[in-house]
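Below: the structure, in structure tokens.
The values are calculated or read from the model by the stated rules, or taken from the named source; none is laboratory data. What you see is a predicted model; the values in this text were computed from it and never measured. Glycine gets a Cβ as well: all are built from the backbone with ideal geometry, and neighbour counts include every protein chain shown. Only protein heavy atoms, including side chains, enter the accessible area calculation; ligands, DNA and RNA are left aside. Shrake-Rupley method; radii C 1.70, N 1.55, O 1.52, S 1.80 Å.
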Amino acid sequence: MSDSIETKEELNDAEMNEVNKTRLIRFGIFSLVVLVLFGILSLFNFLTRSKWEKGLRLQVQTVLDAHGETCSVGEILKLHTGLAAGCAVYELSGGERDGCHAVIIRVATFYGPMPAVYIYDSKKEQCDFIAFATLEGRAKTAIESLSKPSQVSYWARRIPKIMSTVESDSKEAANE
């Protein structure tokens with residue numbers, strides 16, 4: 001009788017090992033699929049980054065041209081902040097705004113997030129709101145009038161703090 005009990009225990013151990021083996025295989029396959037999907041998304045992000053930056057540069061240049069600014073948008077500056085996904089900073093050259101920076105940032109408005117263009121002058125430590133990048137006509141006027149007292153002015157005060165990290169990085173690079 002004791003032999004049959006040991007056999008049942010051994011059988012249960014063998015069944016458990018088989019079940020665990022099946023679970024590990026399924027978990028491994030699931031993990032591999034997740035890793036492959038993450039790799040594909042990362043690859044697409046890497047391949048489309050330059051197009052995304054060029055598109056933002058074109059939007060900023062269009063807004064500046066529409067508002068009579070005679071400067072040209074230069075290279076993008078890297079942001080080392082959590083806002084990098086919703087904000088881009090470009091160097092400006094030429095015209096009255098030579099040496100300034102154009103900032104395009106996602107601003108929450110009553111009608112949803114909109115890209116807003118600001119010009120930051122580091123010499124004066126002043127940030128001026130130019131316009132929303134994707135709006136025209138009455139909708140633009142309505143959104144600007146609703147957003148200026150709150151969100152637009154909030155980001156105008158916040159951008160100098162964001163730019164201080166960009167400027168410190170460029171100063172460190174110049175010192176090396």
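I'm checking my understanding of the structure. Among residues of region 85-98 that are open to solvent by less than 40 Å² (accessible area, probe 1.4 Å) and either farther than 18 Å from Ala133 by Cβ or touching a residue at least 60 places away in the same chain (Cβ under 8 Å) (or both), which one is farthest from the chain's Cα centre (by Cα)? Once the filter is applied, the top-ranked residue is Gly94. Checked against the criterion of being in a strand (DSSP E or B), modelled with pLDDT under 85 and surrounded by 13 or more Cβ atoms within 10 Å (Cβ to Cβ), the candidates Ala108, Ala102 yield just one match: Ala108. Do the conditions hold for Tyr120, that is, is it surrounded by 12 or more Cβ atoms within 10 Å (Cβ to Cβ) and in contact with a His (Cβ under 6 Å, 6 or more places away or on another chain)? So Tyr120 fits the description; yes. Val73 satisfies every condition listed in (1) open to solvent by 30 Å² or more (accessible area, probe 1.4 Å); (2) part of a strand (DSSP E or B); (3) not hydroxyl-bearing (Ser, Thr, Tyr) except (1). Does any residue of region 133-144 turn out to be closer than 21 Å to Val166 by Cβ, in a strand (DSSP E or B) and either at pLDDT below 90 or basic (Lys, Arg) (or both)? The answer is no; no qualifying residue exists.
Looking at region 32-45, can you tell me whether even one residue there is closer than 30 Å to Ile119 by Cα, at pLDDT 85 or above and either among the aliphatic types (A, V, I, L, M) or assigned to a helix (DSSP H, G or I) (or both)? Yes; the residues of region 32-45 include at least one that is closer than 30 Å to Ile119 by Cα, at pLDDT 85 or above and either among the aliphatic types (A, V, I, L, M) or assigned to a helix (DSSP H, G or I) (or both).
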